[in-house]
Amino acid sequence: MRLYDIGEVAARCGVTPATLRYYEELGLITSLSRKGLRRQFGPETLLKLSLIALGKAADFTLAEISGMFGSDGQPDLPRAELHQRADQLDQQIHSLSTLRDAIRHVADCPAPSHMECPTFQRLLKVANRARATG
């Protein structure tokens, strides 16, 4: 099995060696050996780091991500939590789409005043409702 030096793993995954050491301290990843003072990681670490990055992008905390790995280090993904997070992302997407539409309309609206524009008024109401429920 090929081992990857900490610097190589960091470069491949777009994180710093300090981040890798921190993840190892948290138990998210495990180095298999050392070459001098440099930690060496197996190829499964690259997969784990991809899953960690995906979890962080979905706004999971590192503690939540840590719980997504079984005692054997293999992914054990909590489907109910993932569905909840996907629902939250759908709400965010809807809110951001409304905001994008409002900004585009403001930029392109031919009305002399945006406050006179019925489309702008409707977008403001939708944005206020989304903010009140979000």
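A short reminder: the numbers here are calculations on the coordinates, not readings from a lab. No experiment lies behind these values; they were computed from the predicted model shown. Using ideal geometry, Cβ is built from the backbone for each residue, glycine included, and neighbour counts are taken over all protein chains shown.
With N residues in the chain, what two-decimal value do you get for its Cα radius of gyration over 2.2 N^0.38 Å?
Its radius of gyration relative to the 2.2 N^0.38 Å reference: 1.59.
Would you mind getting me the FRET efficiency between Leu32 and Arg104? Use the beta-carbon distance for r and R0 = 41 Å, nearest 0.05. Before the final figure, lay out each step's value.
Working: r = 52 Å, r/R0 = 1.26.
So, using R0 = 41 Å, E works out to roughly 0.20.
log10 I(q)/I(0), Debye, Cα-only segment 79-133, no solvent, q = 0.13, 0.25 Å⁻¹?
Debye output, listed in q order: -0.41, -0.93.
Any idea how far apart Leu89 and Lys56 come out in nm if each label point goes 7 Å out from Cα toward Cβ?
Calculated label separation equals 1.7 nm.
For the chain, what is the mean residue ellipticity at 222 nm derived from helices alone (per DSSP H run of n ≥ 4: -39500 (n - 2.57); sum divided by total residues; nearest 500 deg cm²/dmol)?
-20000 deg cm²/dmol
Which semi-axes, in whole Å and largest first, does the equivalent ellipsoid of segment 4-66 have when worked out from the alpha carbon gyration tensor as the square roots of 5 times its eigenvalues?
The equivalent ellipsoid of segment 4-66 has semi-axes of 20, 11, 10 Å.
Just grab the label-to-label distance for Val126 and Leu77, each label 7 Å out from Cα along the Cβ direction, in nm (one decimal).
3.1
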